[in-house]
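Here, each number is a calculation from the coordinates, and none is a lab measurement. On a predicted model such as this, the values are computed, not experimentally measured, just so you know. With ideal geometry, Cβ positions are generated from the backbone for all residues, glycine too; neighbour counts draw on all protein chains shown.
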C-alpha cells in the first residue's frame with residue numbers, strides 16, 4: 001500500500017497471478033481484521049489465512065468467511081501506565097479480543113468502526129490484543145529514543161514510520177503468526193517468501209531468512225529493516241512488490 005492508502009493495479013495483478021499459479025498468499029499486517037479483509041477484497045483475492053494485529057490474531061477462511069484460529073491477549077494496563085508517564089500527551093487505541101476498540105481523543109485517522117471514545121482509565125477494561133500509541137508532537141528519532149528508554153517489558157512492540165507505536169502480547173509478532181500458518185499448512189520454511197517495509201516486519205524478515213527462505217525489504221524500508229532482510233527490491237512507488245512477485249507467478253507451485 002502506498003502512503004496515501006492507494007494500491008497499484010500492477011501490484012494487485014501480480015498478487016492475483018501468484019494466487020492463480022497455486023502459491024499460498026498470506027496477508028500479514030498490523031491492521032485489524034475488518035481492514036485486512038477489506039484489503040483482500042481490494043486486491044481481488046480470498047486468502048486461506050490472514051495474520052492480523054501483528055500476529056496476535058490468526059484467521060482461516062472457512063465457508064466463505066474468516067474464523068478465528070488463534071488469538072493472543074495481554075493485560076495492557078502496566079504498559080499503558082508506563083507509556084503515559086513518558087508521553088503524557090499521547091493518544092491511545094486498545095483493541096480487545098473481539099475486535100472492539102477503545103480510544104482516547106485524537107485518533108480520528110484510525111478505523112473506528114466498533115469503537116468508543118473513553119478516558120485513559122477506560123482503555124484497559126478488557127485484555128488487549130493490540131495497543132496503538134501516537135505522539136504527533138514528536139519526530140520519529142525523538143520518539144524512538146523516548147520509547148526505547150521506557151524499558152517496556154512483557155510486551156512486544158514496534159515503532160512505525162511516523163511517531164506511532166504498536167504493542168502486542170509478549171513474544172507475539174508477524175513471525176510467530178506466520179509460523180502457525182506454516183505449521184498448519186505443512187510448508188517448508190525454505191519455501192517461504194516474505195516482503196515488508198516497516199519495523200514491525202523485522203521479526204518476520206529475520207524468521208524467513210533464518211529458515212532459508214527469502215526475506216525481501218522494500219526500497220523505502222528503514223536501515224534496520226533492510227538489515228533484517230536477505231534481499232531488497234524497489235520502492236512501493238516503483239511497484240517493488242510486483243518486481244518480486246511477477247517472476248514467481250510464472251512458476252507453477254506444483255513444479256517449483
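Dividing the helix sum by the residues of the chain, where each DSSP H run of 4 or more adds -39500 (n - 2.57), gives a mean residue ellipticity at 222 nm of -9000 deg cm²/dmol.
Mean separation of Cα pairs under 8 Å and 6 or more residues apart, divided by the residue count, gives the chain a relative contact order of 18 percent. When DSSP beta bridges are restricted to pairs lying wholly in the range 153-256, around 45% turn out antiparallel. Specify whether the C-alpha gyration tensor of the range 73-125 places it in the rounded, prolate or oblate class, a ≥ b ≥ c being the square roots of the eigenvalues: rounded for a/c under 1.5, otherwise prolate if a/b is larger than b/c and oblate if not. Note, shape of the range 73-125 comes out oblate.
Kirkwood radius for the range 77-169, taken over all pairs of different Cα atoms as the inverse mean of 1/r, rounds to 13.2 Å. Full extension of the chain between residue 70 and residue 251 yields a length gain of 62.0 nm, computed as 0.36 nm times the residue separation minus the alpha carbon distance. The value of relative contact order for the range 77-140, using C-alpha pairs under 8 Å at least six residues apart, is 38 percent. The convex hull around the C-alpha trace of the chain, projected and averaged over every direction, spans 13.1 square nanometres. For the range 189-256, what D do you get in µm² per second when you plug the Kirkwood radius from alpha-carbon pairs into Stokes-Einstein at 20 °C and 1.002 mPa s? Result for D is 179 µm²/s. Between residue 191 and residue 12, the contour length at 0.36 nm per residue exceeds the alpha carbon distance by 62.3 nm.
Between residue 183 and residue 5, the FRET efficiency from the beta-carbon distance, with R0 = 30 Å, is close to 0.40. Mark the label point 7 Å from the Cα of residue 62 along Cα→Cβ and return the residues of the range 156-194 whose backbone N is within less than 20 Å of it. Within reach of a label on residue 62, which here means backbone N under 20 Å from a point 7 Å along Cα→Cβ, the range 156-194 contributes 177-187.
For the peptides 238-244, 149-155, the ranking by packing is 238-244, 149-155, with the highest mean count of neighbouring Cβ atoms within 10 Å listed first. Counting only DSSP beta bridges whose two residues both lie in the chain, roughly 70 percent are antiparallel.
Averaging Cα coordinates gives a centre for the range 191-256 and one for the range 99-165; these two points are 27 Å apart. Can you tell me how much longer the chain between residue 144 and residue 42 gets when fully stretched, taken as 0.36 nm per residue apart minus their C-alpha distance, in nm with one decimal? So the extension gain works out to 33.4 nm.
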